[in-house]
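Everything on this sheet refers to the single structure shown next.
The values are calculated or read from the model by the stated rules, or taken from the named source; none is laboratory data. Treat the numbers as computed from the prediction; the structure is a model and nothing was measured. Quick reminder, even Gly has a Cβ in these numbers, built from the backbone with ideal geometry, and neighbours come from all protein chains shown. For the accessible areas, the whole protein counts, side chains as well, though only heavy atoms, and no ligand, DNA or RNA atoms are used. Shrake-Rupley method; radii C 1.70, N 1.55, O 1.52, S 1.80 Å.
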Amino acid sequence: MSSIIEQSTLSTPSVTNFDVNTLTESLKYFGTADYAVFVAMLACSTLVGLYFGYKDHLTKKKNKKLGLQTSADDYLVGGRKMKVVPIALSLVASYASGITLLGTSTEIYLYGTQYCFFLFAIVCSAFIIHFIVIPVFYELKITSTNEYLEARFNKKLRVMGSVSFLVAIILYLPIVIYVPALAFNQFTGINIHVITPISMFICIFYTSLGGIKAVVWTDVLQITLMYGTLLLIAIKGTLSIGGLGVLIERNIDGGRFESADFRIDPTLRHTFWTLTIGGTIWWTSINGTSQASIQRYLSVKNLKNSQKTHILFTIGVIVLISLCIYNGLLLFAMYHDCDPLTTKLAKAKDQLLPLLAMETLKDYPGLSGLFISGVFSAALSSASTVLNSMAAVVLYDVFNAFRSTPLSKRGTEIVMRGTVIIAGIVSVLLVYVVENLGAVLQLSMSIPPAVGGPMLGVFIIGIMLPWIGARATFYATICSCVVTFSIIMKAQIEIMSKRFNFPSKETSVDGCSYNFTFNPPEIHETIKADYEQNQIYHISYLYYILVGSTLVIIISVILSLFMGFQDPRSVDRKLIAPFMRRHIHFEPVSTEETKDEDETVVKVYEKQVFDTQKT
């Protein structure tokens, strides 16, 4: 059957001999008003950078007259005086990349509403971050999360954390700017290699010039656009299909509404357990130990404000994901009888939501531009966040960590801004690689959980298990990275070879009103014997970080049986979770620091601010 090419010529009285290519071209309408809206968004982002860059210049002049120095904290954490609401909105914007906006709706369209249970994971993770993670990091007053690793363990683990973060971000950035460029290309036909350098240049400009203040306030503008865009599509699309009742009816008939799947099989892609248990660990890793998130939690003036920020962020993310889920249901209601992926009206899965926007907004000048601005805002906010975070990691964990004295004021500025510029340029160049080599795209999806899982395990040990020392943790982390990376890469290879996949729900082309060529999909035989044996690499992607972190904890405990456990009283109480402190009788804090990377001895952390921050 796979060798047969069937021609479908379904048409309505109003459409005659109208093929899919003609329809695709007719939808590519991006008028003057749309371009004006898009350019205005980019211009506003640029002006925000100029404004805060100018304010930073005035502050430096004022401090120079007073004989004061401008701290790197002003650039990286806003002098720890940022407001709660802007930081919370910035966190939401940072999470809401173009991948999230486009991918979540596609997930619902193809696989149904089982993904909704991920919202429970966000709530569960919020309690962990709110009561355990934020109090520890805020009390330490650090800038880079990897500083914690050296204070609790040793420099080896700090270097490991820094390298894993930088590698993951370099592989992540090209995807962030590539996905919205695809949507822009779908609307306008403009080559992605024209728009990606322009958008990244603007991102580099306001991030390097204005620091975290520019990033945060640009994020506020951009998240407003994102919410507005998603609401606009939801309202206009619902009206276009005939109302909410039609949406519900079509999704029920199409099997998109699902009850909780309580099967415990870990090889199932999405079940209640994978989404709640695996999702909780995954979300804790992404927002509880990542540099990008912690850097913002620490930029407000006190712990109470930091926790308020996290609460608002959690609410904001839930609202955002809920809007994306609704638009996924809207996608199916719109295309329930004419699947754009089958007809090739949409060339890729991530083009489904842009296609919906093109069809519903084309008659209203400027609204298509608003949609593209929202998608690009998501990309710019995520990119600027990770660029600013990279500047913090490179400054504190690469330069100052290996110097007897911190960099000079001028050297600090060069390193921070130079990191932003170089990382931005590299990400634009890697877009070419991502576009042409699918293997690199798979690699970029594999590296973050491969290193994120083990590093989450390290932080869990540091905060929750003061009996485990540095040496056992270091070797356990290496073992976990090797095992986790092997599992993930094997799974990605199987997915690329079409031997291991997750079937989507049924779609139909019976109601299409245009001509298209239907190519029945090739049948790829899955090695059923292997699949039925539930090989370890068949586990759900949401369990990757859980596996990595669990391996670190188990292996470190086993190694400690041979290497010896650490006396928990030798660990500074500030380095462990507040609720754990009452169960341990701590020794008086010593002013001396002990360093021995080959022994399970922890450096005592007494000062609120590391010496490397005195720039």
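One table, with the values for the structure above:
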quantity: Test: residue in the range 294-301 that is in contact with a Gly (Cβ under 6 Å, 6 or more places away or on another chain), open to solvent by less than 40 Å² (accessible area, probe 1.4 Å) and among the aliphatic types (A, V, I, L, M); calculated: no
quantity: Meets criteria (modelled with pLDDT of 90 or more, open to solvent by 20 Å² or more (accessible area, probe 1.4 Å) and under 31 Å from the mean Cα position of the chain (by Cα)) for PHE474; calculated: yes
quantity: Those residues of the range 213-239 which are among the aromatic types (Phe, Trp, Tyr) and within 19 Å of PRO354 (Cβ to Cβ), in sequence order; calculated: TYR227
quantity: Count - residues of the range 290-325 that are among the basic types (Lys, Arg) and under 18 Å from the mean Cα position of the chain (by Cα); calculated: 1
quantity: Listing of helices (runs of 4 or more DSSP H) fully contained in the range 507-582 that carry 1 or more residues being of a type outside the set (Lys, Arg) and modelled with pLDDT under 75; calculated: 528-532
quantity: From THR419, THR405, residue being hydroxyl-bearing (Ser, Thr, Tyr), without any contact (Cβ under 8 Å) to a residue 60 or more places away in the chain and surrounded by fewer than 17 Cβ atoms within 10 Å (Cβ to Cβ); calculated: THR405
quantity: Selected residue [basic (Lys, Arg) and assigned to a loop (DSSP other than H, G, I, E, B)] from ARG263, ARG296, ARG250; calculated: ARG263
quantity: Qualifying residues in the range 309-350 (those that are in a helix (DSSP H, G or I) and touching a strand residue (DSSP E or B) at 6+ places or on another chain (Cβ under 8 Å)) - the one surrounded by the fewest Cβ atoms within 10 Å (Cβ to Cβ); calculated: THR342
quantity: Neighbours by Cβ (under 6 Å, 6+ apart or cross-chain): first from the range 548-565, more than 10 Å from SER480 (Cα to Cα) and in contact (Cβ under 8 Å) with a residue 60 or more places away in the chain; second charged (D, E, K, R) and assigned to a helix (DSSP H, G or I); calculated: MET563/ARG471
quantity: Single condition THR274 does not satisfy, out of (1) under 19 Å from the mean Cα position of the chain (by Cα); (2) farther than 26 Å from SER504 by Cα; (3) polar (S, T, N, Q); (4) open to solvent by less than 10 Å² (accessible area, probe 1.4 Å); calculated: (2)
quantity: Odd one out for VAL375 among (1) of a type in the set (A, V, I, L, M); (2) under 24 Å from the mean Cα position of the chain (by Cα); (3) over 19 Å from SER45 (Cα atoms); calculated: (3)
quantity: Any hit, the range 83-98, residues being touching a strand residue (DSSP E or B) at 6+ places or on another chain (Cβ under 8 Å), open to solvent by 10 Å² or more (accessible area, probe 1.4 Å) and over 16 Å from GLN291 (Cβ atoms); calculated: yes
quantity: Residue match in the range 284-293 (condition: open to solvent by 60 Å² or more (accessible area, probe 1.4 Å) and at pLDDT below 90); calculated: yes
quantity: Meets criteria (touching a residue at least 60 places away in the same chain (Cβ under 8 Å), over 22 Å from the mean Cα position of the chain (by Cα) and more than 26 Å from LEU352 (Cα to Cα)) for GLY254; calculated: no
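Residue-by-condition table, conditions (1) modelled with pLDDT under 85; (2) open to solvent by less than 20 Å² (accessible area, probe 1.4 Å):
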| residue | (1), (2) |
| --- | --- |
| VAL434 | yes, yes |
| ALA450 | yes, yes |
| GLY462 | no, yes |
| LEU465 | no, no |
| GLY469 | no, yes |
| CYS481 | no, no |
| PHE485 | no, no |
